[in-house]
Each structure stands twice: as structure tokens, then as C-alpha cells.
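Engineer: I'd like to ask you about the structure that follows.
Throughout, read-outs are computed from the coordinates displayed, never taken from laboratory work. Quick caveat: nothing in here was measured; it's all calculated off a predicted structure. Virtual Cβ from ideal backbone geometry, glycine too; neighbours counted across all protein chains shown.
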Amino acid sequence: MGTIAENIEEIRKEKAQAAEKSGRKPEDVLLIAVTKTRSAEEINEAIRAGVTDIGENRVQEILDKYDKVLPVRWHMIGHLQTNKVKYIIDKVSLIHSVDSLKLAEEIDRRAAQHGMMMDILVEVNAAGDEAKFGVGTEAAETLVSEILGSCEHIRIRGLMTVAPYAENPEEVRPYFRQMRHLYDRIAAEVDHPRLDFQYLSMGMSNDRRIAVEEGSTAIRVGTAIFGARDYH
Ligand SMILES: *Cc1c(COP(=O)(O)O)cnc(C)c1O
């Protein structure tokens, strides 16, 4: 591992290569630095090195760090409890982890109170992994329709998935491919002013290259930037 700045540079280069392999430009794939367990100092080092977007998976960590971190776009990438939506609604630019109508309705209600539109992704459990959050691939399209039908303050910007961990990331390529098909199908079939697909959020430190080759437009990378996490 190099310094945070060196790691980011390395990931950028490799992201550009993988994007090219799938017929896209480097800037078509967003790098989201996943900053859970990291200090504000480490996060600011990443921002100074050019990171524009950071991802956190716990509401409390967003609140603890929000005022200490340089201007940046915040992404909520972890499971979100309905009763915590109110704390982050005006702090994050994109919520990646919407997997129920109940959660969407609470986001909608809080966004309405703030007079804003909230951008979200629908989280899909592509591998049908019981230990993971997200709706099944068949249920995703239904949830998209339900949210469009009842949440006027939500804009659906795409889909997100967390692939199962695999020593050899080639093993999860089929899930990414399946996600890409689902993403393309919904984008083609659903014509609605509050559906504006831009993000297919998939790929983490271990499987990011495969994810980009299969069409990811946003990778969420923690360990490869900051090193292994220590949860104490
Ligand atoms: C922690 C986390 C990541 C980043 O994982 P790394 O393996 O450290 O890159 C990405 N997405 C989600 C949802 C996470 O919780």
C-alpha cells in the first residue's frame, strides 16, 4: 500500500482502463471513497488528493464527521433505519440503500419537509444472499414503480448492489452482468419524470475492476484507499 494519495491515483488509472474495456470514458465511472471507521484527517487527505464523493454506512459516523470534513458529496451506502432518515436527509446527496417502500416513504416525507428532492438508488440483493440487504431482482422493478407512484420528493437515480465476497472476483461477474441487464431494462421500460438513471453502484475494493468492466458507473472503495479497517 502507498499513501492515500498514491492509492487513489492507482485506482483512478485502473478504473480508466476498466472503463475503456467496456467502451466508456474514465469520467463515466465515479469513484466513491468509503470512509467508514476513518478519521476526518484521513478523509480530508483523500479529498485533497481529488476525491469528490465519500460513502458512509452508519448515520452516527456521518453526524460525527460532517462538520470536520472539507466540502464533498456524502453518500449513504449502508442499511438505513426509518427512524434515522431525519438526521441525514439534508446532509447526503445520494442514498444507495433503499430496499423497501416504507423506507422510501419516510425519505419522501422528510424531503418534503425540507422542500427538496432526494436522490436514491434501489438496493438489489443480486445473489439472493440471506445475510445481505436489498430486494430480489424480480422485486426491484415493482419497488421502483411503487416509489414512483407514491413518493413525489424522490428521484430514482439507479440501482446498487453489494456482491458476495469472493477470493476470486471473477466468480461474481455474473451478478454484475445481471445487475446491468436489470438496470438497462428498467431504464428502457419505465418512462417517468422522477426516474433518471445515472448510477449503477457496484464494485468494492476486491471486485471493482470486474464491476466496471460489466458496466458499473459508481465504485465504492474503502480498503484499497485507506488500508484494512480496524473496528476495535
Ligand atoms: C464498506 C463498504 C464498501 C467498501 O468496502 P471495501 O472492501 O473496503 O472497499 C462498499 N460498499 C458498502 C456498502 C460498504 O459497506
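Engineer: Set the Förster radius R0 to 35 Å, insert the Cβ-Cβ distance between residue 139 and residue 40 as r into 1/(1 + (r/R0)^6), and round the FRET efficiency to 0.05.
Structural biologist: With a Förster radius of 35 Å, E is 0.40.
Engineer: Rounded to two decimals, what ratio of Rg to Rh does the stretch 1-159 give with C-alpha atoms and a Kirkwood Rh?
Structural biologist: We get a ratio of 0.99 for the stretch 1-159.
Engineer: Scan around residue 155 for amide H atoms under 5 Å from its own, H built in the peptide plane at 1.01 Å from N, and keep only partners 5 or more places away or cross-chain.
Structural biologist: Answer set, sorted by chain and number: 118, 119, 120.
Engineer: Of 179, 204, 117, which is the most mobile in a GNM of the chain whose springs link Cα atoms less than 10 angstrom apart?
Structural biologist: 117
Engineer: In the Gaussian network model of the chain, springs joining C-alpha atoms below 10 Å, which of 209, 58, 220 carries the largest mean-square fluctuation?
Structural biologist: Among 209, 58, 220, the largest mean-square fluctuation in the Gaussian network model of the chain belongs to 58.
Engineer: At 222 nm, what helix-only mean residue ellipticity would the chain give, in deg cm²/dmol to the nearest 500, using -39500 (n - 2.57) for each DSSP H run of four or more?
Structural biologist: -11500 deg cm²/dmol
Engineer: Could you line up 197, 226 from fewest to most neighbouring Cβ atoms inside 10 Å?
Structural biologist: Fewest-to-most ranking of 197, 226: 197, 226.
Engineer: Here is a follow-up. Quick one: among 130, 14, 213, which has the greatest mean-square fluctuation in a GNM of the chain with alpha-carbon springs under 10 angstrom?
Structural biologist: The residue with the greatest mean-square fluctuation here is 130.
Engineer: List the pairs from 25/132; 21/91; 36/86; 86/132 whose alpha-carbon separation is above 29 Å, in the order I gave them.
Structural biologist: Pairs exceeding the cut-off: 25/132; 21/91.
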